[in-house]
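The values are calculated or read from the model by the stated rules, or taken from the named source; none is laboratory data. Keep in mind that what you see is a predicted model, and the values were worked out from it rather than measured. Positions of Cβ are generated from backbone atoms using ideal geometry, with glycine treated the same way; all protein chains shown enter the neighbour counts. Surface areas here come from the heavy atoms of the whole protein model, side chains and all, with no ligands, DNA or RNA. Shrake-Rupley method; radii C 1.70, N 1.55, O 1.52, S 1.80 Å.
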Amino acid sequence: MWGTWIVVASVAYLGLLFAIAYYGDRRADRGRSIISNGYVYALSLCVYATSWTYYGSVGRAASTGLGFLPIYLGPTVMVALWWLVLRKILRICKQNRITSLSDFVSSRYGNSTLLGGLVTVIAVVGIVPYISLQLKAISTTFNIMRSPEPTAAASAQDVPLLQDTALYVALLLAAFTILFGTRHLDAAERHEGMVAAIAFESVVKLVAFLAIGCYVTFVLFPGLDGLLDQAAARPDLARLFTFEAAGGYTTWLWLTILSMLAILLLPRQWQVTVVENVDERHVKKAMWLFPLYMLLINVFVLPIAVAGLLTFGDGGTDADAFLLALPLAAEQPALALLVFIGGLSAATGMVIVETIALATMVSNSLVMPILLRWGGALVRRQRLGGLILGIRRTTIVLVLLLGFVYFRLAGDALALVSIGLISFAAVAQFAPAILGGLFWKGATRRGAIAGLVAGFAVWFYTLPLPSLVHAGWLSPAFVADGPFGLGILAPYALFGLAGLDTVSHSMLWSMLVNIGLFVCLSLAARPDPAEHFQAAVFVDVLTRPREGADARLWRGTAAVGELQGLLGRFLGREGAREALTAYGARTGADISPGADAHANLVHHVETLLGGAVGSTSARFMVASVVDEEPLGVREVMEILDETSQVLAYSRALEHKSAELEAATAQLREANVRLQELDRLKDDFVSTITHELRTPLTSIRAFAEILLDNPDLDGQQRESYLRVVVEETERLTRLINAVLDLAKLESGGSQWRLETVDVRQLLETSSQATAQLFRDRQVTLELELGEAVPAVKADRDRVVQVVVNLLSNAVKFSNPITGRVRLGLQVEDGAVRVDVQDNGPGIAVADQGIIFEKFRQGGDTDSGRPAGTGLGLPISREIIVHLGGRLWVDSEPGRGATFSFTLPVADERSAAAMGAETEC
Amino acid sequence: MADDVSTRRVLIVDDEPNIVMSLEFLMRKSGFETSVARDGDAALAEVERFRPDLLLLDAMMPHRDGFEVCQQLRAAGWGDLKIIMLTAKGRETEIAKGLAVGADAYVTKPFSTRDLVDRVTALLAGGG
């Protein structure tokens, strides 16, 4: 029943924290931050006080008196230095969007991903004990609450795994932290809600502590004086107030130094101090608020310790649990519950912030660089945000489980404070690299790496490793006599340096090695250009002007759209667009997607991305988008030269190609013509064959008939023989015509050019055809007019033409009524001859056909007209050759007029006439 | 079809008058009844009227050439009509074409009168 109440109260409290965080985030989204307040900032820094402070200080005080104090003195001193150190750090981180400890170190030393990863690993390993400390506190106090009798705490290792409260605490805290800090990605890695919740829980634990302190001091005991008097009465307690009990100067010194460093270098402290800082000016308030808080929360530690010792004797109750044991023993369960809640608050605050900070480091500085280098496919996914969140959540769970494991192994053996100091010493290893890098431009990456690795190694060997002996994992001989009996390497007394407490011992050696290597290697080699640049950025940050001047001289090409796309993968499309728009509004730069990105914009995108993935990875990614090409004048000239050569060459190629195309086209045309001609030739040959064979058919047929039929009557014989003769003549004419035409067309015929009197020629021709006219009873009229100029022509050929036209006219004229007119005139410098008939005329469609070979016009009832079908083609060929034209003018039913012209021979050529020229 | 088995009818189709004359003599001499058509259209009409048993068909004629006539006749159902195509074109393609359109024989001009008469006789004897 009581146990249930505890659980309910715990869950309720955690729920309250969550609600505050949610509210804080909501307000932040709307731009009305509730944490933009110096008080909230200072309170959030008080997450430094964990259950170590809560329970552990009392425990420590019970054995070492004031020995618990240095842990709080350190930060108080450090705070005085904040105005210098912290402001510088804040400025650097804001300007370069550095969002984690590892990112800071990596960025300072030339964006070294190795360094970032190293810091992350050291941080994770170092913080695991600290986390287990919180788990131990919660589970132990929970157990105490459940069974209030002060019993000797059972060994943690004896509890079966699944019954171990700490496991469930770890899982619960993991879930809670995931809810708190990994709901979305923020470019600046801010968690405003978390900060609000942390500030609240700082108040809760202070109130609870003060409450129990007051109660113990003024209720259980008769006030502070009374308490001190009672303590002084017992010698073992009295000594708690002396200095020796506190451990001596050395211890105090080292502890103070440690805590001075821890207040800055613990990942959770870095997160709330640096990353979550909203305004530099808040630091001022924190500089007095924080020490005040420290004072208040520690003022009752010693009284409670003394009271506990007085109440419980010795050895009965674990001093760490005094805070709870006292109210429980005094029958004040409500107060005990309040104390418990306060302790829960302290522990959860630490766990949440610490693991979130670690998760950020792991995802940005460890996993992302590895993915970028070797997991190319994974990175090309569009929504990397989900991947990163997944990595962080896994880290959170892993870290808590590791804390649990360490708790199982070694948590039982050490007091809370001792465990905590192990972690302090781990993060102290960062000090040379960070503080050195902050003020010394000569610090190099090599130096930092060497220092870190060596310091970490020494730390590991001298603190967490031997603690496993206490857990029973290593033999005690390891601690007592060193590994393999080498006393000189005994973990708690390296090289014989005995007499120091473990932490001081470890710090001494690890710092010696760390700083030593850091300085030596940094001096040994000069920083490379990237480091040098970053060193200047970091060291001179307070003296340099603000952003804008930082953009390097950089010649590269990137389109704004590409950068926007890259941003979009982390901030979402809306986020990317908003970011760019804001930038464009602020600087007036052109942010349209197709525009070239100015160097300053590229730098801005880098810083934006740095918030999400760490500045080193961001630089890597932006570089992959942007092509950076340093160009010198010479290179430009070379490029231009090459370009002009290429241009000239391509022009020549184009020209050639055009020529080739033209040639191809011509060839294609010629081919087509050849094919056409080929076809024509085939047709011609075929037609000729047909034409020649037709008369031959008759000749042969009748010849055979006559041969086979000797007793044919005379008349039949005569008519058949006549046919044979006629067909023979036809055949001959045909052959002659074909040969003639062939010769004319091929230009192989001989031309005898002479001066010709056309008038006289016409008269001759009409006489030649007179018989034809008489036979058909067609009238021939001559209209030859006056004398006409002479022409230069082949007389016989012209006669051939005229005779052809006249015979055609006769053929196609109707007998008796037929009239043919032969006309002669001069026209346009040429002599024109007309042959006009009043026959049936020629349809327009046929007027072209009749000039084709073997084609004859019209279909007469009397069958095919006698004739070769070649007359007109030949005539045209002749006339054209002589420089004239031959055409027909006709309408069906209105006769036809065939006309041809011959150019008049001019004076000069007429004078040169007489010479027989052959073409 | 002729009623009298012995008197076959032959239709001569050609646009050359002299060739027609020679063919007429040959056919009559062989004892066949003849008719003449001078072009493709006339030929089709004459086949209907004269109902010949055999056609001597010139391939090259104006308007409708012999191939068309042959094709048309076959399409019109004159499957039993014997057709001999005569042509001055002797290319193999022409021969194949002629036989393809359904001619029973293809004779190139100038032909042997004896050969032609033999073919005609054979074709007409073979028929029913």
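When only residues in the stretch A:828-840 that are part of a loop (DSSP other than H, G, I, E, B) and touching a helix residue (DSSP H, G or I) at 6+ places or on another chain (Cβ under 9 Å) count, which is most open to solvent (accessible area, probe 1.4 Å)? Full working, then the answer.
Initial filter on the stretch A:828-840 (part of a loop (DSSP other than H, G, I, E, B)): A:828-829, A:838-840.
Of the ones still in play, those that are also touching a helix residue (DSSP H, G or I) at 6+ places or on another chain (Cβ under 9 Å) are A:839-840.
Numbers: A:Gly839: 5, A:Pro840: 72 Å².
Here the residue is A:Pro840.
Out of the residues in the stretch B:14-44 meeting the condition of being away from chain A (no Cβ under 13 Å) and open to solvent by less than 40 Å² (accessible area, probe 1.4 Å), tell me which one is nearest to B:Met61 (Cα to Cα). If you could, list the steps in order and put the result at the bottom.
Taking the stretch B:14-44 as the starting set, the residues that turn out to be away from chain A (no Cβ under 13 Å) are B:31-35, B:43-44.
Add one more test, that the residue is open to solvent by less than 40 Å² (accessible area, probe 1.4 Å), and what stays is B:32, B:34-35, B:43-44.
Working: B:Phe32: 24, B:Thr34: 19, B:Ser35: 17, B:Ala43: 11, B:Leu44: 13 Å.
Taking the candidates together, the pick is B:Ala43.
Quickly run through the stretch A:679-694 and pick out the residues that are of a type in the set (Lys, Arg) and at the interface with another protein chain (Cβ under 10 Å from one of its Cβ atoms). Can you show your working first?
Step one: list which residues in the stretch A:679-694 are of a type in the set (Lys, Arg), which gives A:679, A:681, A:693.
Answer for the stretch A:679-694, where residues must be of a type in the set (Lys, Arg) and at the interface with another protein chain (Cβ under 10 Å from one of its Cβ atoms): just A:Arg693.
Residues in the stretch A:747-802 that are of a type in the set (Ser, Thr, Tyr), assigned to a strand (DSSP E or B) and closer than 18 Å to A:Ile878 by Cβ: how many?
Within the stretch A:747-802, the first condition is being of a type in the set (Ser, Thr, Tyr), and the residues that meet it are A:749, A:755, A:764-766, A:769, A:779.
When the remaining residues are screened for being assigned to a strand (DSSP E or B), the result is A:755, A:779.
Going one step further and asking which of them are closer than 18 Å to A:Ile878 by Cβ, we end up with A:755.
Looking only at that region, the number is 1.
Could you list, in sequence order, all residues of the stretch A:415-466 that are polar (S, T, N, Q), in a helix (DSSP H, G or I) and crowded, with 24+ Cβ neighbours inside 10 Å?
Of everything in the stretch A:415-466, those that are polar (S, T, N, Q), in a helix (DSSP H, G or I) and crowded, with 24+ Cβ neighbours inside 10 Å turn out to be A:Ser423, A:Thr462.
Go over the candidates A:Gln163, A:Gln230, A:Gln157 one by one and state the one that is closer than 21 Å to A:Trp5 by Cβ and either open to solvent by 10 Å² or more (accessible area, probe 1.4 Å) or modelled with pLDDT under 90 (or both).
Values: A:Gln230 fails: closer than 21 Å to A:Trp5 by Cβ; A:Gln157 fails: closer than 21 Å to A:Trp5 by Cβ.
Selected residue: A:Gln163, the only one of A:Gln163, A:Gln230, A:Gln157 that is closer than 21 Å to A:Trp5 by Cβ and either open to solvent by 10 Å² or more (accessible area, probe 1.4 Å) or modelled with pLDDT under 90 (or both).
I'd like the full set of residues that are more than 14 Å from every other protein chain (Cβ to nearest Cβ), loosely packed, with under 15 Cβ neighbours inside 10 Å and not in a helix (DSSP H, G or I), limited to the stretch B:70-128.
B:Ala76, B:Gly77, B:Gly79, B:Asp80, B:Gly127, B:Gly128
Tell me, yes or no, whether the stretch A:680-702 has at least one residue that is small (Gly, Ala, Ser), open to solvent by 40 Å² or more (accessible area, probe 1.4 Å) and modelled with pLDDT of 90 or more. Walk me through how you get there before you give the answer.
So in the stretch A:680-702, the residues small (Gly, Ala, Ser) come out as A:686, A:698, A:701.
Remaining after also requiring open to solvent by 40 Å² or more (accessible area, probe 1.4 Å): none.
The answer is no; no qualifying residue exists.
Which members of the stretch A:1-52 meet the condition of being without any contact (Cβ under 8 Å) to a residue 60 or more places away in the chain and in a loop (DSSP other than H, G, I, E, B)?
Across the stretch A:1-52, the qualifying residues are A:Met1, A:Arg30, A:Gly31, A:Arg32.
Any chance you could count how many residues in the stretch A:594-622 are in contact with a strand residue (DSSP E or B) (Cβ under 9 Å, 6 or more places away or on another chain) and either within 17 Å of A:Asp186 (Cβ to Cβ) or surrounded by fewer than 20 Cβ atoms within 10 Å (Cβ to Cβ) (or both)?
At the first step, the residues of the stretch A:594-622 found to be in contact with a strand residue (DSSP E or B) (Cβ under 9 Å, 6 or more places away or on another chain) are A:594-597, A:599, A:602.
From what's left, either within 17 Å of A:Asp186 (Cβ to Cβ) or surrounded by fewer than 20 Cβ atoms within 10 Å (Cβ to Cβ) (or both): A:594-596, A:599.
The qualifying residues number 4.
Of all the residues that make up the stretch A:695-749, how many are of a type in the set (Asp, Glu) and facing chain B (nearest Cβ under 10 Å)? Before the answer, list the steps.
Keep residues of the stretch A:695-749 that are of a type in the set (Asp, Glu), which gives A:704, A:708, A:711, A:713, A:718, A:726-727, A:729, A:740, A:745.
Checking which are facing chain B (nearest Cβ under 10 Å) leaves us with A:704, A:708, A:726-727.
Residues flagged as of a type in the set (Asp, Glu) and facing chain B (nearest Cβ under 10 Å) within the stretch A:695-749 amount to 4.
Given the structure, is B:Val47 modelled with pLDDT of 90 or more, open to solvent by less than 60 Å² (accessible area, probe 1.4 Å), away from chain A (no Cβ under 14 Å) and part of a helix (DSSP H, G or I)?
Values: modelled with pLDDT of 90 or more: yes; open to solvent by less than 60 Å² (accessible area, probe 1.4 Å): yes; away from chain A (no Cβ under 14 Å): yes; part of a helix (DSSP H, G or I): yes.
Yes.
Kindly provide the set of residues from the stretch A:198-226 that are open to solvent by less than 20 Å² (accessible area, probe 1.4 Å) and more than 24 Å from A:Ala334 (Cβ to Cβ), ordered by number.
Correct list: A:Ile198, A:Ala199, A:Gly226.
Taking the options A:Leu73, A:Leu86, A:Leu66, name whichever one is surrounded by fewer than 24 Cβ atoms within 10 Å (Cβ to Cβ) and under 20 Å from A:Phe430 (Cα atoms). Can you show your working first?
Working: A:Leu73 fails: under 20 Å from A:Phe430 (Cα atoms); A:Leu66 fails: under 20 Å from A:Phe430 (Cα atoms).
Result: A:Leu86 is the single residue among A:Leu73, A:Leu86, A:Leu66 that is surrounded by fewer than 24 Cβ atoms within 10 Å (Cβ to Cβ) and under 20 Å from A:Phe430 (Cα atoms).
Pull up the stretch B:82-104, narrow it to residues that are among the aliphatic types (A, V, I, L, M) and in contact with a helix residue (DSSP H, G or I) (Cβ under 6 Å, 6 or more places away or on another chain), then point me to the one that is farthest from B:Asn18 (Cα to Cα). Break it down stepwise before answering.
Of the stretch B:82-104, the ones among the aliphatic types (A, V, I, L, M) are B:83-86, B:88, B:95-96, B:99-101, B:103.
With the extra rule that they be in contact with a helix residue (DSSP H, G or I) (Cβ under 6 Å, 6 or more places away or on another chain), the set shrinks to B:83, B:85, B:88, B:101, B:103.
Numbers: B:Ile83: 21, B:Met85: 17, B:Ala88: 15, B:Val101: 27, B:Ala103: 23 Å.
Checked the stretch B:82-104; the qualifying residue farthest from B:Asn18 (Cα to Cα) is B:Val101.
Considering only residues that are among the basic types (Lys, Arg) and surrounded by 24 or more Cβ atoms within 10 Å (Cβ to Cβ), which ones fall in the stretch A:90-138? Break it down stepwise before answering.
To start, the set of residues in the stretch A:90-138 that are among the basic types (Lys, Arg) comprises A:91, A:94, A:97, A:108, A:136.
Of everything in the stretch A:90-138, those that are among the basic types (Lys, Arg) and surrounded by 24 or more Cβ atoms within 10 Å (Cβ to Cβ) turn out to be A:Arg108, A:Lys136.
Collect the residues in the stretch A:20-41 that are open to solvent by less than 30 Å² (accessible area, probe 1.4 Å), within 21 Å of A:Asp186 (Cβ to Cβ) and at pLDDT 80 or above, keeping them in residue-number order.
Hits for the stretch A:20-41 are A:Ala21, A:Gly24, A:Asp25, A:Val40, A:Tyr41.
Among the residues that make up the stretch A:42-49, is at least one of them assigned by TED's automatic domain parsing to the domain that holds A:Ile341, of a type outside the set (Phe, Trp, Tyr) and open to solvent by 10 Å² or more (accessible area, probe 1.4 Å)?
Taking the stretch A:42-49 and keeping what is assigned by TED's automatic domain parsing to the domain that holds A:Ile341, we get A:42-49.
From what's left, of a type outside the set (Phe, Trp, Tyr): A:42-47, A:49.
Going one step further and asking which of them are open to solvent by 10 Å² or more (accessible area, probe 1.4 Å), we end up with A:43.
The answer is yes; a qualifying residue exists.
So which residues in the stretch A:108-135 are modelled with pLDDT of 85 or more and either basic (Lys, Arg) or more than 25 Å from A:Thr394 (Cα to Cα) (or both), if there are any at all?
Scanning the stretch A:108-135 gives A:Arg108, A:Tyr109.
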